[in-house]
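Values quoted throughout were computed directly from the atomic coordinates according to the rules given, and no laboratory measurement underlies them. The structure presented is a predicted model; accordingly, all values stated were derived computationally and were not measured. Note that we place each Cβ from the backbone using ideal geometry, even for glycine, and neighbour counts take in every protein chain shown.
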Amino acid sequence: MQVSGEQKSGAAGQVTSRAPVLLVEDDEALGMAVARYLQSAGYTVHFVSEREQAEALLTHNTYSLVMTDLALTRVGFAGLSVLEAVNASCNRPKVLVLTGHATPDVAVTVGAIGVDAFVRKPVTLRELGHVVDRLQGVQR
C-alpha cells in the first residue's frame, strides 16, 4: 500500500523535497495512522505491512528514512531482516525502529546494526513526528 503526499518546500517547518519514507508496520491501523500523519506533515510515505514487500521496495527505490517495527507478523523479530536489507542498499537511508519489545538486549542488537533512532511503543503520533523531523533535519 502506498500513501503519497506532495512534499512541501521553502519556509521553515516545512519538508523540503527528498526521497520518500518507507514505513514497515504489520498493524494495518497503526501503519495507516502513522502514514497519514506523516503525509499531513508533508512527507511522501510508502507503507507496507510485510518484510518481503519492504525488501523488494528497498531493492528498487531510494528512501530518506526507513521506519520499521521489529516484530513484524508477530513471529520473532522479522524487522531485523529489513534492517539488513537497508544496510545492503547503495544509498543507506536513516533508520528508525519502532517496537513494543524494547528490552536492553534488543536495544543493543539494533544499535549494533546501526539504527539512527529507537522508539518504544506506544508512542503518540506527535512524538513520532518529532523524531522523524529530527532525523530528516526538519525544524518546525
The stretch 91-112 residues that are over 16 Å from L135 (Cβ atoms), paired with ones that are of a type in the set (F, W, Y) and surrounded by 13 or more Cβ atoms within 10 Å (Cβ to Cβ) (beta carbon under 7 Å, 6 or more apart): A107/F118
Going through the stretch 18-29 one residue at a time, which ones are buried (at least 17 other Cβ atoms within 10 Å of the Cβ) and not acidic (D, E)? R18, P20, V21, L22, L23, V24
Filter result (surrounded by fewer than 24 Cβ atoms within 10 Å (Cβ to Cβ) and farther than 18 Å from T99 by Cα) within the stretch 30-44: R36, Y37, Q39, S40, A41, G42, T44
If I filter the stretch 53-64 down to residues being farther than 21 Å from H101 by Cα and not hydroxyl-bearing (S, T, Y), which single residue comes out as surrounded by the fewest Cβ atoms within 10 Å (Cβ to Cβ)? H60
